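I have placed the structure first, in the form of structure tokens, so that the comments after it can refer back to it.
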Amino acid sequence: MRSKLKIGFVGGGNMAVALIGGLMQGDLPAKHIHVVDVSQAMLTRLETEFGVSTSLSIDDQLQQMDVIILAVKPQQLRDVVGELSSHVKHQLLISIAAGIRATDISRWLNSYNNIVRVMPNTPALIGKGVTGLYALSGVSEADKQCADEILRAVGSTSWVDEERLIDVVTAISGSGPAYVFYFIEAMQQAAQELGLSAEQGTQFAVATFEGAAQLAMHSDESVSMLRQRVTSKGGTTYAALSSMEADDVKSHIIRAIKAAASRANELGDEFGQQN
């Protein structure tokens, strides 16, 4: 991370906290970070934990920033952009707001085109996130690299060439941790119903997900082949997977993820209609 870079955050929630922590671990000094949030409690936490400068409202200090990260809820973004418009001169804008299209943010800012839309996920809180990024045509290669460096402070990154694909990223990895937690909950419940303690159920379920994910990440084999290697015909795994196949679990998961992608697109339509 370039130590002279100045970054402003509009919104000081969990993702901002994750990014600030990751950036400072990468040697970006606290004096180069400014956070705007309407919650004094949140700002006090950020001042205490990181030593960054803060403000309860959008102020002239944002004009001095090289990058402004929009880290507010989707329903708040249109009003925030309106307040921000007079402060945007040259900065790279990075939007984290789910569903809100970069093209609409550009329209709200009178065709300002230096905008990157990103979709990180909550494992960013422990530096294990993954982020999809999309840049408008006006973003230079240098600013794309800058956005990539910022998001890599909390995990891995991948660029997409079409903005609609950010909705797919949202459905896969943005919402994805909830799917994993849901499956872990089911494993925990089964463990208890079969006689293990709650603590043991949690230990085995979470460690199994972590280990399997690491194996998939580091193996040269496809996940399909890894699954087959665990599944001996007539064995215990075969019994479990046969039950899932009979219940059409895979199709239900795929349909659920498509529903998430569809909802992300609907949010873009809904909030993008604002003038």
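Where a number appears in this text, it was derived from the coordinates with a stated rule and is not lab data. Everything numeric in this text was worked out from a predicted model, so none of it was measured. All Cβ positions, glycine included, derive from the backbone under ideal geometry; neighbour counts span all protein chains shown.
Among residues of the stretch 142-169 that are closer than 21 Å to residue 9 by Cβ, those with a Cβ under 9 angstrom from a residue that is crowded, with 21+ Cβ neighbours inside 10 Å and of a type in the set (Ser, Thr, Tyr), sequence gap 6+ or separate chain, pair up as 148/131; 151/131; 152/131; 154/131; 155/131; 157/131; 166/134.
Of all residues in the stretch 147-174, those satisfying the criterion of being in a helix (DSSP H, G or I), buried (at least 21 other Cβ atoms within 10 Å of the Cβ), out of contact with any Ser or Thr (no Cβ under 6 Å at 6 or more places or on another chain) and of a type outside the set (S, T, N, Q) are 147, 150, 166, 167, 169, 171, 174. Contact map, the stretch 60-82: first residue over 17 Å from residue 42 (Cβ atoms), second residue among the aromatic types (Phe, Trp, Tyr) and surrounded by 15 or more Cβ atoms within 10 Å (Cβ to Cβ), Cβ cut-off under 6 Å, separation 6 or more or different chains; pairs are 74/271; 81/108.
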